[in-house]
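The values are calculated or read from the model by the stated rules, or taken from the named source; none is laboratory data. None of the values given here were measured: they were computed from a predicted structure. Cβ placement follows ideal geometry from the backbone for every residue including glycine, while neighbour counts extend to all protein chains displayed. Accessible surface areas use protein heavy atoms only, side chains included; no ligands, DNA or RNA. Shrake-Rupley method; radii C 1.70, N 1.55, O 1.52, S 1.80 Å.
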Amino acid sequence: MTNVKSEPIEAVLFDWGGTLATWHTIDLYAVWRSVARVVDEERADELAAKLLAAEDSVWTRSRDEHLSSTLEEVCLLAEVELTPAALTEYELQWHPHTELEPDAVETLKTLRADGLKIGVLSNTIWSRRRHEEIFARDGVLDLLDGAVYTSEVPWTKPHPEAFLAAMKAVGMTDPARCLYVGDRLFDDVWGAQNVGMRAVHIPHSAIPANQIGHTEGTPDATIHRLAELPALISSWSRAAT
């Protein structure tokens, strides 16, 4: 732990992939090739390469310019029309990589029982519909007071407006009373601290090279399991009184 501030934590905002959801290293070309085969089997290699390049370009833009994107934009850049069958295949390919951390639900329930608001801020090209389907499947949706998916707003983490939007989504107005939990030292830790939030790091993810930021934050604390979080927040509360 590097810092304990006097303001009590009233809201906890979470990253999704690599934080609430278990980190997996994913062969994105294999995902896109499976999708491309549904679109046009004879051109599957060509289309997969174009889709992968388009996705890489929007994540590089996110890193460098903090501008958001959508799955639809990726397909537009690749000049590939994602048919309903291809979209179904895309979601099927990603399904194994959307699983929650084993202690996620219990941790969120504990935080809610402690009177804390809970939110999500995710850098994503997916729609709200898709995320809410996943959260509902896993029993998490009703535990959230608000969520911001960057596919719906102009910015991505670490842009300050992304964090402020997530804060407002859970009904908060003071960043100092918010805690952000994530797996990335640039997007999550540096970004949250840059707007006055505290930040907890979960260092489990192998961040893709084109998504590693140009600077890193020093977390207020580092944990290795979500279940450690309620006790950490309680310790801060005791230290502040």
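Some notes on this structure:
- Evaluation of residue 108 against (1) closer than 23 Å to residue 60 by Cα; (2) buried (at least 19 other Cβ atoms within 10 Å of the Cβ); (3) at pLDDT 95 or above; (4) not β-branched (Val, Ile, Thr) (one fails), failing number: (1)
- Checking each residue in region 94-105 for being open to solvent by 40 Å² or more (accessible area, probe 1.4 Å) and charged (D, E, K, R) picks out 99, 101.
- Across region 16-52, the qualifying residues are those that are touching a Leu at 6+ places or on another chain (Cβ under 8 Å) and of a type in the set (A, V, I, L, M, F, W, C), and the one among them that is farthest from residue 107 (Cα to Cα) is 39.
- Flag for residue 183 being surrounded by fewer than 24 Cβ atoms within 10 Å (Cβ to Cβ), within 23 Å of residue 116 (Cα to Cα), of a type in the set (D, E, K, R) and at pLDDT below 95: yes
- Region 186-209 - residue that is open to solvent by 40 Å² or more (accessible area, probe 1.4 Å) and outside any loop (DSSP other than H, G, I, E, B) and, of those, modelled with the lowest pLDDT: 209
- Test: residue in region 79-86 that is on the phi > 0 side of the Ramachandran plot and in contact (Cβ under 8 Å) with a residue 24 or more places away in the chain: yes
- Residue 133 assigned to a helix (DSSP H, G or I) and farther than 24 Å from residue 232 by Cα: yes
- Selection count where residues are within 14 Å of the chain's Cα centre (by Cα) and either closer than 13 Å to residue 217 by Cα or assigned to a loop (DSSP other than H, G, I, E, B) (or both), scope region 159-185: 7
- Qualifying positions in region 149-174 - of a type in the set (Val, Ile, Thr) and within 24 Å of residue 106 (Cβ to Cβ): 170
- One residue stands out in region 130-176 among those that are within 16 Å of residue 20 (Cα to Cα) and among the β-branched types (Val, Ile, Thr): the one that is surrounded by the most Cβ atoms within 10 Å (Cβ to Cβ), namely 148.
- The listed residue being modelled with pLDDT of 95 or more and within 30 Å of residue 176 (Cβ to Cβ), out of 45, 40, 56, 15: 15
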